[in-house]
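Peer 1: Dropping the structure in here first, questions after.
Please treat every number below as a calculation from the coordinates, not as lab data. Since the model is a prediction, treat every value here as computed from it, not as a measurement. Don't worry about glycine lacking a Cβ; one is built from the backbone with ideal geometry, like all the others, and counts go over all protein chains shown.
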Amino acid sequence: MAATTSTAVSNLLSTKKNLSSLSLTSANKLPTLSPLPTSSRTQRFIVLSASLNSKPTVLVAEKLGEAGINLLKDFANVDCSYNLSPDELCTKISLCDAIIVRSGTKVSREVFESSGGRLKVVGRAGVGIDNVDLAAATEHGCLVVNAPTANTIAAAEHGIALLAAMARNVAQADASVKAGKWQRSKYVGVSLVGKTLAVMGFGKVGSEVARRAKGLGMHVIAHDPYAPADRARAVGVELVSFDEAIAAADFISLHMPLTPTTAKILNDETFAKMKKGVRIVNVARGGVIDEDALVRALDAGIVAQAALDVFTVEPPPQDSKLVQHERVTVTPHLGASTMEAQEGVAIEIAEAVVGALKGELASTSVNAPMVPAEVLTELKPFVELAEKLGRLAVQLVSGGSGVKDVKVTYASARAPDDLDTRVLRAMIIKGLIEPISSAFVNLVNADFSAKQRGLRISEERILQDGSPESPLDSIQVQIANVESKFASAISENGEITVEGRVKDGIPHLTKVGSFEMDVSLEGSIIVCRQVDQPGMIGKVGSVLGEENVNVSFMTVGRIAPRKHAVMAIGVDEQPSKETLKKIGDIPAIEEFVFLKL
Ligand SMILES: NC(=O)C1=CN([C@@H]2O[C@H](COP(=O)(O)OP(=O)(O)OC[C@H]3O[C@@H](n4cnc5c(N)ncnc54)[C@H](O)[C@@H]3O)[C@@H](O)[C@H]2O)C=CC1
Ligand SMILES: O=C(O)C(=O)COP(=O)(O)O
């Protein structure tokens, strides 16, 4: 089952644009960020059609177990459309909030671009995500989740089935008997017991294959540059280098993902290093073998036999020399195809997709940070604070200034490695970018969006005395090398500075520039710098009252020696330009800014 986080963090994945982000100010030109390429700008102007209020639509593009479909139907409109052509998929996708695929559908960049920003989740009902353009998904803020565990045993069992079938010529002998022949001496096989099996990729499937092969009396070695030694020790397998593995093996079984590093990892050069008569099983991905080189190695007698479930192109061409090779056993990508695995995968992916559509973070997410549920719950009020501080800070930047350098300081009594700031950073980026662009930013694309705009976010942690019960004491956001439309927002170091804390679960603004204050971050606020004198609260209050703008709070922060004060006024409604002008015209008001949260 896919474990998901609390719904408390539902805004993390929301791609809904917050339309209430632009500020009306005394100097209302907007700050600039680096321009986006035209294509991505156009993308982002398309408003998402699936609001959180309407039922989302899930496109199930390949056969999925009934239990998964039923789970989806409880939450979403489900469109089961199989065998769509790439063009049909691109047409349909603009009407879908999520898509579920297996290995047979390419979720290409074109698919994300055609979705017009509506597609929020790609669910891969299985392990391998090489058919999903992950970079494009991330750029579009689209979460990719997979179902990594439910088909492990099925794939491992299929690997063992192919290994044994190959060694004893089961498929060839079966075809021969069915063709009316009785060729007992032609199909003498080889034994598995005592032979060396090299498991290439010692992950979930690889280690289950190793366990089973040991049960068959094989000597198992493994190669996996990233596998922990204790996992190998637990199974009783020695981890060796790639060259050692392929040189020592009588049988090689492939279980690594298809990535740029593993593509064609078995090729002419590597076949040449193998023992003559080696036998190869591939239940991973066709692309990890150079298929033409395998044909050559078979013909040269280096490879005695191969058993393949997967191919570079699926289905492979009918006249494929590899498929037709007498010493090659093939199956049509059946690794995950057991009743049990398909049922499990369907439930696992349906739960992950529904959770993600609700805004929860799936623990099986492939392109977003996986933050444990309890950490997210604890950080929730700080997540809100982070976004609001970003939003406030950027609204303080004067139009024409390019925001480039942002410093975030987290003050906490917890040890730095006990504070996961990835989600907070993402939300600050969201707050910084959304008010001044048409972009939508979420946890998936925050870092990408910052990078694309040339925003450098540096993070610093200050270790404070006190109880580490709360994850954070305060968050400070500073924007360097810009001018501010509200000069008082610039602190002594010349940077626009806003700082906030969480009090009773509610985010508060506690500092603007060098002025301390305490403002609950709800609604919108007018911040004024004034000459500190009696009657100011009343004057501003009555200007707002004339327009029926409800004041939720007022607070004054003073710097006594300079006799200046900064007053923050919380308002429930947005005052008109005229009303804001009237506030600016009050003689003691030196400057003011209206900030929308
Ligand atoms: N034929 C089928 O129907 C199925 C195929 N698969 C394929 O099997 C692959 C493995 O699945 P799992 O074991 O669940 O994934 P996994 O992620 O648990 O294991 C993959 C392992 O490969 C290792 N690896 C990465 N690069 C490597 C390299 N250059 N050399 C050696 N090892 C490397 C990783 O460190 C990891 O331990 C999947 O990526 C998928 O493509 C999985 C399920 C069914
Ligand atoms: O899970 C995997 O990686 C698989 O290869 C299974 O593919 P399938 O879902 O059966 O198309």
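Peer 1: Taking the alpha-carbon centroid of each part, what is the distance from segment 478-508 to segment 380-415 in angstrom?
Peer 2: Each part reduced to its Cα centre gives a spacing of 8 Å.
Peer 1: Something else about it: Roughly how far apart, in whole Å, are the Cα centres of segment 158-213 and segment 418-445?
Peer 2: Using only Cα atoms to place each centre, the spacing works out to 52 Å.
Peer 1: Which entries of 388/511; 55/388; 120/430; 120/404; 358/451 show an alpha-carbon separation above 21 angstrom in the structure shown?
Peer 2: 55/388; 120/404; 358/451
Peer 1: More than 26 angstrom separation, counting every C-alpha pair in segment 358-488; what % is that?
Peer 2: Tail of P(r) above 26 Å: 23 percent of Cα pairs.
Peer 1: Under a cut-off of 18 Å between alpha-carbon atoms, report the lysines in cross-link reach of residue 264, not counting same-chain residues fewer than 8 places apart.
Peer 2: Result set, ordered by chain and number: 273, 321.
Peer 1: Show the residues, 5+ positions off or on another chain, whose built amide H is closer than 5 Å to the amide H of residue 462.
Peer 2: 410, 411, 412
Peer 1: Counting only DSSP beta bridges with both residues in the chain, what percent are antiparallel, rounded to the nearest 5?
Peer 2: Of the beta bridges lying entirely in the chain, close to 50 percent run antiparallel.
Peer 1: Which order do the peptides 357-365, 61-69, 221-229, 285-293 come out in when sorted by mean C-beta neighbours inside 10 angstrom, highest first?
Peer 2: Working: 357-365: 22.8, 61-69: 19.3, 221-229: 16.4, 285-293: 21.2.
The most tightly packed comes first, giving 357-365, 285-293, 61-69, 221-229.
Peer 1: Rounded to the nearest angstrom and ordered from largest down, what semi-axes does the equivalent ellipsoid of the chain get from its C-alpha gyration tensor (root of 5λ)?
Peer 2: Output for the chain: semi-axes of 61, 24, 19 Å.
Peer 1: If we sort 76-88, 147-159 on the protection proxy, mean other Cβ atoms within 10 Å, highest first, what's the order?
Peer 2: Going from most to least packed, we get 147-159, 76-88.
Peer 1: Each residue of segment 127-140 in order: what ³J(HN,Hα) in whole Hz does its phi give by Karplus 6.51 cos²θ - 1.76 cosθ + 1.60, θ = phi - 60°, with x for Gly and Pro?
Peer 2: Going residue by residue, I get 9, x, 10, 5, 8, 10, 6, 5, 4, 5, 4, 5, 4, 8 Hz, with x marking Gly and Pro.
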